[in-house]
Amino acid sequence: MSDAPVFAGIDGGGTKTTLALADDEGRELARRVGPAGLVDPRHPAATADMLATLVREALAEAGIVEKPVALCAGLAGVGNERERREVEAALAASGVAGRVRIVTDGEIALDGALGGRAGVMIIAGTGSVAYARGEDGRVERCGGWGMVVGDEGSAWSIGRNGLAAALRAADGRGAGTSLLPHFLQLLGLDGPSGIPPWAGRSEKAAVAALAVHVIEAAERGDAVALGVVEREARELARHAVALARRMAPWSGPVPVVFHGGVLGVDFYADVVKRALDDDEQDFEVRPAVSDAVAGALSYARRMLEGAGRA
């Protein structure tokens, strides 16, 4: 039986949970996918039970007898400190690992994207948020306030404001745009009056799915759609600008990594890059170093630094 330490890293997102086991050199030993890692505030211990089961199954599958010396899990929905502590305490009590730490899913995504180094990660998918690690090691968040009072620059916000621009065009309050006839055909509506009830009964993801159509119209030269995209890009870029100022000083250009579905659309990513270039702070947009699971593993290894290997 080897006494080489094993580490566990978990990325618990809103749709699935991914676990990886790795050795001290970062070599992956096993990977397993389980249910969503979104914490239910009514039953936080249930998430701990799911994670413990996932770890035990992965250990058995890999033929590893010793439990991980450290486990880091980044979970969706643990922004509330009380819930985070409850999940962490329940997971520690399960005895599934020597040391246990629960953090937000954004924190491990930041760790993976930047390889544990300083910089900013902008996330824009259905919603939006940004995280940063300063050169002094501090980690902070900007945005992520949800669709009622936040989510600027996200797919939802682009889709929502595209619909609003189409309705302004229908009223004559705004310039004409190809978005109006396109949305009516896409959504199977007879006229503009059908847009508000459609939006009112639609899930956030359905509105977010319209973002790609707004971006495509902007890329084709629709001035109204381009205006929507540029405004959203500026709002998203402000997340990075705010974090860069809060985390100053920087010894050079601030590294920025993009993450999330709508930032995977090249045209929109380029508009966000231009918005960053317009600020007096120097930014350097880079590709991600690795994924969130790798970030969790890196965090788990750091948990033992200076603490010994009990």
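The values are calculated or read from the model by the stated rules, or taken from the named source; none is laboratory data. Just so we're clear, the structure is a prediction, and the values are computed from it rather than from any experiment. Here the Cβ is made from the backbone with ideal geometry for all residues, glycine too, and neighbour counts use every protein chain on show.
A few comments on the model shown:
- Set A109, A76, A93: member being aliphatic (A, V, I, L, M) and surrounded by 24 or more Cβ atoms within 10 Å (Cβ to Cβ): A109
- Boolean, V33 is part of a strand (DSSP E or B) and either surrounded by fewer than 15 Cβ atoms within 10 Å (Cβ to Cβ) or of a type in the set (F, W, Y) (or both): yes
- Candidate set: segment 193-207, residues that are under 17 Å from V262 (Cα atoms) and among the aliphatic types (A, V, I, L, M); chosen: the one surrounded by the fewest Cβ atoms within 10 Å (Cβ to Cβ): A205
- Selection count where residues are surrounded by 17 or more Cβ atoms within 10 Å (Cβ to Cβ) and either at pLDDT 90 or above or over 22 Å from the mean Cα position of the chain (by Cα) (or both), scope segment 14-28: 5
- Residue match in segment 52-72 (condition: of a type in the set (G, A, S) and closer than 20 Å to R302 by Cα): yes
- Just one residue in the set E66, E83 is more than 22 Å from S290 (Cα to Cα) and touching a residue at least 60 places away in the same chain (Cβ under 8 Å); that residue is E66.
- Conditions (1) within 18 Å of the chain's Cα centre (by Cα); (2) not hydroxyl-bearing (S, T, Y); (3) not in a helix (DSSP H, G or I): number failed by W156: (3)
- When every residue of segment 137-148 is checked against the conditions, none turns out to be touching a residue at least 60 places away in the same chain (Cβ under 8 Å), of a type in the set (V, I, T) and touching a strand residue (DSSP E or B) at 6+ places or on another chain (Cβ under 6 Å).
- Matching residues, segment 112-127, being outside any helix (DSSP H, G or I), touching a helix residue (DSSP H, G or I) at 6+ places or on another chain (Cβ under 6 Å) and buried (at least 24 other Cβ atoms within 10 Å of the Cβ): V120, M121, I122, A124
- Looking only at residues of segment 36-46 that are of a type outside the set (D, E) and farther than 20 Å from G295 by Cα, we find that the one that is surrounded by the fewest Cβ atoms within 10 Å (Cβ to Cβ) is R42.
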